[in-house]
Amino acid sequence: MNRIVLGAVGALLLVGAGIFWWQGRAETERGAALPAALPPAVADDALPTADGAGLRGAAPPALDEVTREQRRFDRLDRNRDGKITRAEMLGPRVAAFRKLDKDGNNLLSFEEWAVKTSDRFRNADRNGDQVLTREEFATTRPKPAKKPECRCSPIRRPARAEAPADSADDGEPET
């Protein structure tokens with residue numbers, strides 16, 4: 001039994017090592033080829049030039065100039081004709097409407113529209129008498145909002161531990 005488990009663990013380790021080796025090899029092949037001769041040693045404090053003369057490597061990726069409004073427009077323009085029809089504009093709302101329309105009659109009653117509040121009332125009404133007592137109503141209280149952390153200082157210092165009152169520091173090392 002132990003041989004089987006050890007064999008399985010060994011096989012998984014070999015497969016994992018192979019995957020890491022394969023990915024590492026793919027990364028080096030994707031990059032630029034190494035120069036045939038290394039450039040002469042450069043002083044450690046020398047800065048490269050701004051124009052990048054003499055540097056080799058892959059070109060940086062081009063910046064996509066799509067603005068937030070263009071992305072929002074493209075999300076709604078389903079057929080990519082450069083125009084948004086009424087049906088395309090209302091499309092995302094249909095799914096939300098279908099979720100609210102519980103009985104499927106394409107009409108929203110007040111109860112269907114207020115389904116979240118109705119569900120909260122039903123869950124709070126423990127005894128099912130369609131009336132909330134003070135104790136039942138207290139369960140519907142909204143959760144308090146998180147207080148934002150103070151971002152006054154970038155350095156976080158640990159709280160200082162108070163020395164016990166009975167230990168006096170007389171300057172001598174403890175034994």
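Here are a few things to note about the model shown:
- Here's the list of lysines a cross-link from residue 143 could span, going by alpha-carbon distance under 20 Å and ignoring same-chain residues fewer than 8 apart: 116.
- Cβ charges +1 (Lys, Arg) and -1 (Asp, Glu), total dipole of the stretch 80-132, debye: 320 debye
- Neighbourhood charge, 13 Å Cβ-Cβ cut-off, centred on residue 88 and excluding it, Lys, Arg +1 and Asp, Glu -1: +4
- In the stretch 60-159, the trypsin sites (Lys or Arg not before Pro) that fall in loop regions by DSSP, at most 13 other Cβ within 10 Å: 78, 80, 83, 102, 126, 146, 151, 156
- Proximal charge balance of residue 79 [Cβ under 15 Å; K/R count +1, D/E count -1]: +1
Throughout, read-outs are computed from the coordinates displayed, never taken from laboratory work. It should be emphasised that the depicted structure is a prediction, and the values quoted were computed from it without experimental measurement. Ideal geometry is used to build each Cβ from the backbone, glycine not excepted, and the neighbour counts take in all protein chains shown.
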